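Notes follow the structure.
The values are calculated or read from the model by the stated rules, or taken from the named source; none is laboratory data. What you see is a predicted model; the values in this text were computed from it and never measured. Here the Cβ positions follow ideal geometry from the backbone for every residue, glycine too, while neighbour counts run over all protein chains shown. Ligands, DNA and RNA are stripped out before the accessible areas are found, and what is left, the full protein with its side chains, is counted by its heavy atoms. Shrake-Rupley method; radii C 1.70, N 1.55, O 1.52, S 1.80 Å.
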Amino acid sequence: MNLKGRMTQYEDFKYVLQDVGSLYLGAKYSYEELLEAEAVPFKLKAILTHYVLKEAAPDTTLESQFYYIEQNTFLYETFLQLKVKVKAQIQVEKKNIFGKTRIEYQEQIFSLKELSGMNLARKKASGLIIREIIISKLGMMTFSI
């Protein structure tokens, strides 16, 4: 948690992780912060600069970008080319052994097609919270700039 004046900024979901096949980005990052982060690969920074920032504002967070993404847009096609998946939490009803129901959050990984296929009312009704963006390294490697 950083203190900047009177503003508190939470950085729990601002991270960059990599494994052999994927790049994992915390959903609270804005595009501007991604371009400044050292751990972000150069190729992703180039893709963001040349393609994404022509359609989106630099202060847009990944969470809001993917929450409101629509099919058949330039950004959708760009992220589809990168083979993006989204890790999110949704509310589900669980019954205990006594028959009482309670609401819990369950983590799921959505493809871009599944996420953009959900309408906004369904996302709000299910309590969708986007936590992580997963970018395929193969998709990033085959992306031509």
Inset, instruction - Return a yes/no flag: does the stretch 38-60 have any residue that is touching a strand residue (DSSP E or B) at 6+ places or on another chain (Cβ under 7 Å) and either part of a strand (DSSP E or B) or at positive phi (or both). - result: no
Inset, instruction - Give me the pairs, please: first residue somewhere in the stretch 17-39 and more than 16 Å from Ile130 (Cβ to Cβ) and touching a residue at least 40 places away in the same chain (Cβ under 8 Å), second residue anywhere and surrounded by 19 or more Cβ atoms within 10 Å (Cβ to Cβ) and of a type in the set (Gly, Ala, Ser), beta-carbon distance under 7 Å, and either six or more positions apart or on two chains. - result: none
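I'm checking my understanding of the structure. Among residues of the stretch 81-96 that are out of contact with any Leu (no Cβ under 8 Å at 6 or more places or on another chain) and in a loop (DSSP other than H, G, I, E, B), which one is nearest to Glu107 (Cα to Cα)?
For the stretch 81-96, the residue satisfying everything is Asn96.
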Inset, instruction - Would you confirm whether any residue within the stretch 118-129 is exposed (fewer than 11 other Cβ atoms within 10 Å of the Cβ), in contact with a Ser or Thr (Cβ under 6 Å, 6 or more places away or on another chain) and without any contact (Cβ under 8 Å) to a residue 12 or more places away in the chain? - result: no
Inset, instruction - Tell me, yes or no, whether the stretch 73-80 has at least one residue that is open to solvent by 50 Å² or more (accessible area, probe 1.4 Å), part of a helix (DSSP H, G or I), in contact with a Gly (Cβ under 6 Å, 6 or more places away or on another chain) and over 18 Å from Lys14 (Cα atoms). - result: no
Inset, instruction - Could you pull out the residue among Ile90, Ile109 that is surrounded by 13 or more Cβ atoms within 10 Å (Cβ to Cβ), under 19 Å from Lys124 (Cα atoms), touching a strand residue (DSSP E or B) at 6+ places or on another chain (Cβ under 9 Å) and of a type outside the set (Phe, Trp, Tyr)? - result: Ile90
